[in-house]
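The values are calculated or read from the model by the stated rules, or taken from the named source; none is laboratory data. Note that the structure is predicted; figures quoted are calculated from it, not measured. Neighbour counts are summed over all protein chains in view; Cβ atoms, including those assigned to glycine, are modelled from backbone coordinates with ideal geometry. The accessibility values were calculated without ligands, DNA or RNA, using every heavy atom of the protein model including side chains. Shrake-Rupley method; radii C 1.70, N 1.55, O 1.52, S 1.80 Å.
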Amino acid sequence: MSIINADIRKTILCMVNKGSAGHVGSALSMVEILNAVYSSVNVQKILNKKEDRDRVILSKGHGTSGLYAVMFHHGLLSKEAIDTYFLDDSVMAGHASHFIGNVEHSTGALGHGLPVALGIALGSLSKGYNNRIFVIVGDGELHEGSNWEAIMFAGHKKVGNLCVLVDKNERSQMGNTADACSLDPLGAKFEAFNFDCYDIKDGHNEMEIKSIIKKTNYSTKPVVLICNTIKGKGVSFMEGNNLWHYRPPKGEDFDNALGELE
């Protein structure tokens, strides 16, 4: 069954509205990335907690409403769980937490998800597992040096079961990513570290993302998909507007946002 990205976006909006939580723009930009990944893995193995399951780690943990919404639509989180997002006494906090079933790793402090994903990938290879480790990072997050240590080592060890997906929405928390420190040419940097690199001009083209994931299933190198996205994608007044990095949609803004997605 096809999962409609507009439905995922509506779920995100309802979660952050009810919980008065932020980072909605960061969540909306990666809906297609997350949906493509979860459409490509064996969800049943995740539900059954098989050791050789595919692993999905959201390194940009502040966008966790996007992760939880996609997991919900793939049957990995209950409606009861997401209805408590960011509410008092709920474990569904604003950053990803492994205390929640089927979440692999707690993230939020930027630069931690990719190094952990690399460790899991190396461990899986040592045990002979035929699985893949997917990690979603933000472009602003790539300012963290810990990522580049992991990227260097992954390329050196030719960790072919590691797949990095960059949500390159060109916005960090306070402004343009390039104004703080330009990452370009980003693809050339990954290639210099011995990654197979795919630059996806439309990072919201879910079919292209899924196609590349399938194509690289037996790669002999680590893989990176640089997905050029739009922060706040799907809601016109949020798109490219850093105001919505922290602000939750309320009142008329919430109603208008939902209306655009109908």
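Residue-by-condition table, conditions (1) touching a His at 6+ places or on another chain (Cβ under 7 Å); (2) at pLDDT below 95:
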{"position": "Ser29", "(1), (2)": "no, no"}
{"position": "Ser39", "(1), (2)": "no, no"}
{"position": "Val43", "(1), (2)": "yes, no"}
{"position": "Ile46", "(1), (2)": "no, no"}
{"position": "Asp52", "(1), (2)": "no, no"}
{"position": "Val70", "(1), (2)": "no, no"}
{"position": "His73", "(1), (2)": "no, no"}
{"position": "Ala81", "(1), (2)": "no, yes"}
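Among the numbered conditions (1) more than 30 Å from Lys157 (Cα to Cα); (2) among the β-branched types (Val, Ile, Thr); (3) surrounded by 16 or more Cβ atoms within 10 Å (Cβ to Cβ), the only one that Val91 does not meet is (3). Entry remark, segment 114-150: residues being under 18 Å from Cys227 (Cα atoms), of a type outside the set (Phe, Trp, Tyr) and touching a strand residue (DSSP E or B) at 6+ places or on another chain (Cβ under 6 Å) number 7 in total. Just one of the numbered conditions (1) part of a loop (DSSP other than H, G, I, E, B); (2) modelled with pLDDT of 95 or more; (3) aromatic (Phe, Trp, Tyr) is not true of Tyr218: (2). The residue of segment 96-122 that is farthest from Val137 (Cα to Cα), among those that are of a type in the set (A, V, I, L, M, F, W, C), at pLDDT below 95 and open to solvent by 20 Å² or more (accessible area, probe 1.4 Å), is Phe99. If the condition is being buried (at least 16 other Cβ atoms within 10 Å of the Cβ) and in a helix (DSSP H, G or I), then segment 225-248 contributes Asn242, Trp244, His245.
Looking across segment 182-208, just one residue is closer than 17 Å to Ile33 by Cβ, part of a loop (DSSP other than H, G, I, E, B) and among the small types (Gly, Ala, Ser), and that is Gly203. Ala154 fulfils the conditions (1) part of a helix (DSSP H, G or I); (2) open to solvent by 10 Å² or more (accessible area, probe 1.4 Å); (3) within 23 Å of Glu51 (Cβ to Cβ) except for a single criterion, (2). Checked against (1) of a type in the set (D, E, K, R); (2) open to solvent by 60 Å² or more (accessible area, probe 1.4 Å); (3) touching a Gly at 6+ places or on another chain (Cβ under 8 Å), Asp167 meets all criteria but (2).
Looking at Ser20, Ser29, which is the one that is open to solvent by less than 10 Å² (accessible area, probe 1.4 Å) and of a type outside the set (Val, Ile, Thr)? Outline the logic, then answer.
Numbers: Ser20 fails: open to solvent by less than 10 Å² (accessible area, probe 1.4 Å).
Just one listed residue meets the conditions, Ser29.
Residues that are more than 20 Å from Val135 (Cα to Cα), outside any helix (DSSP H, G or I) and either out of contact with any Leu (no Cβ under 8 Å at 6 or more places or on another chain) or open to solvent by less than 60 Å² (accessible area, probe 1.4 Å) (or both) do occur in segment 249-261, at least one of them. Give segment 135-147 a look and list any residue that's in contact with a helix residue (DSSP H, G or I) (Cβ under 8 Å, 6 or more places away or on another chain) and surrounded by fewer than 19 Cβ atoms within 10 Å (Cβ to Cβ), or say none. Answer for segment 135-147, where residues must be in contact with a helix residue (DSSP H, G or I) (Cβ under 8 Å, 6 or more places away or on another chain) and surrounded by fewer than 19 Cβ atoms within 10 Å (Cβ to Cβ): His143, Ser146.
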